[in-house]
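The values are calculated or read from the model by the stated rules, or taken from the named source; none is laboratory data. The model shown is predicted, which means the values in this text are computed figures rather than measured ones. Virtual Cβ from ideal backbone geometry, glycine too; neighbours counted across all protein chains shown. Just so you know, the surface numbers come from the protein's heavy atoms only, side chains and all, with ligands and any DNA or RNA stripped out. Shrake-Rupley method; radii C 1.70, N 1.55, O 1.52, S 1.80 Å.
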Amino acid sequence: ISERLLGRKISAGEVSRVSKQLVDAVEQWRTRDLSEEKVKYLFIDRINFKMRVTGSVEKVSVLVVIGVREDGRRLVLCVQAGAKESASTWRELFKDLKGRGLRSELVMLGVMGGLPALEEVFREEFENAEVQRCTVRVTKNVLAKVPKKLKQDVASDLRSIFYAPSLEKAKELFQAFRGRWEREIPSAVKCLANSIDSCLTFFKYPPEKWISLRTTNIIEPLNKEFKRRTNVMEIVAGEKACYNFLASSEFTQNT
């Protein structure tokens, strides 16, 4: 096939050498120096893949961190397989970023889904930073505890809180939400109450930043590109193969 397409045969040895060069290049990119990057915001999420691990197929989480510099440019800082619920996994990930030169004192905010282990470790590793819990994730968690006939009204109230014109108004609307729904759906109200402070952190930043700081949606185009590239395969053939696909995506190269 190679002779017909390229005019010459490609040997197995040549394929092997090129493959190794690709793996080495991807690893260099994944572990590159970050000391010159003045990152202000971190967006943290995960993607799940079916991956072949020691002869069996496992569901593996790939942890993704996107940084936003002071000038607004986005950077994919980390693509790393790991256990999403493990505090030790998150700690090692953050220590690795700092070991590569990421200046933790410049990081002001971490935007994330709401895993308790992640938030706790993030606060410990980035002492100057606050946490913004993704309002989309919180909305989904609250609505999961709401009867179908009430979902539309509850969703509308949640949107009013998260898109309020000020922090004071958002707090006022939360109290109104509690007063309206606590008797009928107390578990949903409790779910929101447990997250409300972390959901409203974005109000401390300039209004023009609110739309991007409320959620982890900044990672969604990357997730979609990753899925597009891997959906054609039922199973990803190992961790290195996964990194090769992710690192070569168009979105990754342009961030």
Can you list residue pairs whose Cβ atoms sit under 7 Å apart, with the first residue in the range 55-77 being over 18 Å from PHE94 (Cα atoms) and the second being of a type in the set (Gly, Ala, Ser)? Count only pairs 6 or more apart in sequence or on different chains. VAL60/ALA81
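In the range 57-69, which residue that is open to solvent by 10 Å² or more (accessible area, probe 1.4 Å) and modelled with pLDDT of 90 or more is nearest to THR216 (Cα to Cα)?
VAL68
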Looking for something in contact with a Cys (Cβ under 8 Å, 6 or more places away or on another chain) and at pLDDT 95 or above - is there at least one such residue anywhere in the range 80-94? no
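Please determine, by comparing only the residues of the range 105-120 that are in a helix (DSSP H, G or I) and at pLDDT 95 or above, which one is most open to solvent (accessible area, probe 1.4 Å). Let's see the steps before the verdict.
Initially, the range 105-120 is screened for residues in a helix (DSSP H, G or I), giving 105-106, 116-120.
Going one step further and asking which of them are at pLDDT 95 or above, we end up with 105-106.
Numbers: GLU105: 90, LEU106: 40 Å².
Ranking the candidates gives GLU105 first.
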ARG159 fails exactly one of (1) surrounded by 14 or more Cβ atoms within 10 Å (Cβ to Cβ); (2) within 19 Å of ARG137 (Cβ to Cβ), namely (1)
Can you say whether VAL138 is under 17 Å from PHE177 (Cα atoms), assigned to a helix (DSSP H, G or I) and open to solvent by less than 30 Å² (accessible area, probe 1.4 Å), as far as the supplied structure shows? yes
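Considering LEU93, LEU102, which residue is over 25 Å from ARG178 (Cβ atoms) and outside any helix (DSSP H, G or I)?
On the way: LEU93 fails: outside any helix (DSSP H, G or I).
Among LEU93, LEU102, only LEU102 is over 25 Å from ARG178 (Cβ atoms) and outside any helix (DSSP H, G or I).
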Does the range 151-187 hold any residues that are closer than 22 Å to PHE203 by Cβ and in a loop (DSSP other than H, G, I, E, B), and which are they? TYR163, ALA164, PRO165, SER166
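Does LEU167 satisfy being touching a residue at least 24 places away in the same chain (Cβ under 8 Å) and surrounded by fewer than 16 Cβ atoms within 10 Å (Cβ to Cβ)? Please lay out each step first, then the result.
On the way: touching a residue at least 24 places away in the same chain (Cβ under 8 Å): yes; surrounded by fewer than 16 Cβ atoms within 10 Å (Cβ to Cβ): yes.
Criteria met by LEU167.
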Can you confirm whether the range 216-234 contains a residue that is within 17 Å of the chain's Cα centre (by Cα), buried (at least 17 other Cβ atoms within 10 Å of the Cβ) and modelled with pLDDT of 90 or more? yes
